[in-house]
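Q: Can you keep this structure in mind? I'll have questions shortly.
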Amino acid sequence: MRSLYTNSVDFGRLESHPPKIKRIHHVAYRCKDAKETVEFYQDVLNMDFQLAIAEDKVPSTKEPDPYMHVFLDAGMGNVLAFFELPNSPPISKDPATPDWVQHIAFEVEFPEDLLEVKYRAENYGLDVLGPINHTIFKSIYFFDPNGHRVEIAVNTRRNGDLERLNAVAWDMLEEWSQTKKAPRAAAWLHEKEFS
Ligand SMILES: [Fe+2]
């Protein structure tokens, strides 16, 4: 097994591989308003509202900080969660990171689903980018009411595409690591989008 960390961490005393992650249990983001957020994800992305957890202090750190924690069903056991924190300053973004970078992508089954979600997001008053052609998938992008960038993707890959990409992944990473210039081995992914 190749590892990036074998030089810096002593794994000698570990006898077996680390446990395999089953899936994402939940991801948690901050929201401005829990009710508005739940309604948005319900109306635009058809996610079911699963449960709410609310406390006056934080279970992990025991800090007093009233919060509302809401959990939405993002399909196949994936859970999208949000915290509303009335006592914290308004949400601000990392000013050094471009807006397009940090995002969460959800998969839909059919290409027409992209257009349906685009229509619903626009109907909500949002600007929607795309569909953008990444060859192995197509995506639309918008910002949710909290300013989080959301991507909706539909897989459009052909047989062999993933194997072709996987075969060059380590070489691309190594080349990038040394040159900080984009390797061209997977440039075919965006040939259509950039032409
Ligand atoms: Fe993405």
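Q: Kindly indicate which of Met76, Met68 is at positive phi and away from the ligand (no atom under 16 Å from the Cβ).
A: Met76
Q: Okay, moving on. Would you say Pro111 is in contact (Cβ under 8 Å) with a residue 24 or more places away in the chain and either within 21 Å of the chain's Cα centre (by Cα) or within 29 Å of Met47 (Cα to Cα) (or both)?
A: yes
Q: Test each condition in (1) more than 14 Å from the ligand (Cβ to nearest atom); (2) surrounded by fewer than 17 Cβ atoms within 10 Å (Cβ to Cβ) for Glu84 and report the one that comes out false.
A: (2)
Q: Against the condition hydroxyl-bearing (Ser, Thr, Tyr), within 13 Å of the ligand (Cβ to nearest atom) and out of contact with any helix residue (DSSP H, G or I) (no Cβ under 8 Å at 6 or more places or on another chain), how does Tyr141 come out, does it pass?
A: Yes: the conditions hold for Tyr141.
Q: Which residue is farthest from Glu36 (Cα to Cα), if the candidates are limited to region 144-190 and must be away from the ligand (no atom under 16 Å from the Cβ), in contact (Cβ under 8 Å) with a residue 24 or more places away in the chain and part of a loop (DSSP other than H, G, I, E, B)?
A: Once the filter is applied, the top-ranked residue is Gly147.
Q: Please tell me if Ala105 is part of a loop (DSSP other than H, G, I, E, B) and modelled with pLDDT of 95 or more.
A: No, not satisfied.
Q: Next up: Spot the failing condition for Ile132; the list is (1) within 16 Å of the ligand (Cβ to nearest atom); (2) not in a strand (DSSP E or B), and only one is missed.
A: Looking at each condition in turn, Ile132 falls short on (2).
Q: Applying the selection to region 152-195, what residues are hydroxyl-bearing (Ser, Thr, Tyr) and within 30 Å of Ala74 (Cβ to Cβ)?
A: Of everything in region 152-195, just one residue is hydroxyl-bearing (Ser, Thr, Tyr) and within 30 Å of Ala74 (Cβ to Cβ), namely Thr156.
The values are calculated or read from the model by the stated rules, or taken from the named source; none is laboratory data. Just so it is clear, the model here is predicted, and its values are computed rather than measured. Positions of Cβ are generated from backbone atoms using ideal geometry, with glycine treated the same way; all protein chains shown enter the neighbour counts.
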